[in-house]
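Any read-out appearing in this document is the output of simple, stated calculations on the displayed coordinates, not a laboratory observation. Just so you know, these numbers come straight off a predicted model, no measurement behind them. When we count neighbours, we look across all protein chains shown, and the Cβ atoms used for this are built from the backbone with ideal geometry, even at glycine.
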Amino acid sequence: MVSTRQHPTDFSSKSISSPTQAAGKKHDITTANTRQWRHTPSKIVTPWLCLSIPFVLWDASYVLCRPHSMPGGKLHYLWTPYGLYGKIDYIYGWPAWSNGNGFTSAQVIMNLVESSCYLFYLHVLFQYGTTLDQNEGRKGGTTRKSGPLDPKKYIVGRLGAIAVLVVFSASVMTVSKTVLYALNEACSGFDNVRHNGFWTLILLYIIPNGLWIVVPGYASYYFGKEIINAIESPSALSDVSGDLKLK
């Protein structure tokens, strides 16, 4: 009599995968491994930084060289426009200097910290930024070194991520400091600018200083959005959407 031996455990259908399923999993793993974070710079923020940094450094040198850089000083010829601005905003004029107001120098030191962060970002962007040819995603597509103003420039890797984090932090600092500058005036009864006429105040004080709120504010939004997109997975986003719908 011949007996039939049974396997002690039945094979589960889940443990057997077809070649098609195995190939699909391999494709998913390959796609996940080859997917790479990249940062594309803003066409608004990058030119702004290139133009504003030299001005901020010039502004800082005026403040740190006072009183020699002020009207009547031996170096004033290097900062002639501040002869007018010092009469509009006393923070930059003789009243603040004579009263020993330290806010002028304090905010300029913060400007230098922010500018250092911006310079680091631009250095990474211009030195390590690359451009992908139009054949991106096709066979034969290659990366190449890009010029400073190349609209297809991008940066990748850990250094690129650090640069984005640094420039985001600096943008938030700039907005916060400029708002603090305005609040300082408001809380002091506009002591340094209330002597100006309406149009002088609008054209030579509010609009120029307001730029350092509007553009860095946009930069904070732009870089913050890139950081969120980099660290938040699509599945996490879908879970959050589902939770919101349930509520």
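Taking packing as the residue-averaged number of other Cβ atoms within 10 angstrom, the listed peptides 61-69, 102-110 run from highest to lowest as 61-69, 102-110. For segment 42-130, a Kirkwood hydrodynamic radius built from all Cα pairs, placed in the Stokes-Einstein relation at 10 °C and 1.306 mPa s, yields a translational diffusion coefficient of 111 µm²/s. Fully extending the segment from R158 to L119 would add 12.3 nm, taking 0.36 nm per residue of separation and subtracting the current Cα-Cα distance.
The string of couplings for segment 103-115 from the Karplus curve (6.51, -1.76, 1.60, θ = phi - 60°) is 5, 4, 5, 4, 6, 5, 4, 5, 4, 5, 5, 4, 4 Hz, one whole number per residue in order, with x for Gly and Pro. A crude spin-label estimate for the pair K225 and L64, with each label 7 Å from Cα along the Cβ direction, gives 3.5 nm. Put a dot 7 Å past the Cα of L84, heading toward its Cβ, do the same for H195, and the two dots end up 1.8 nm apart.
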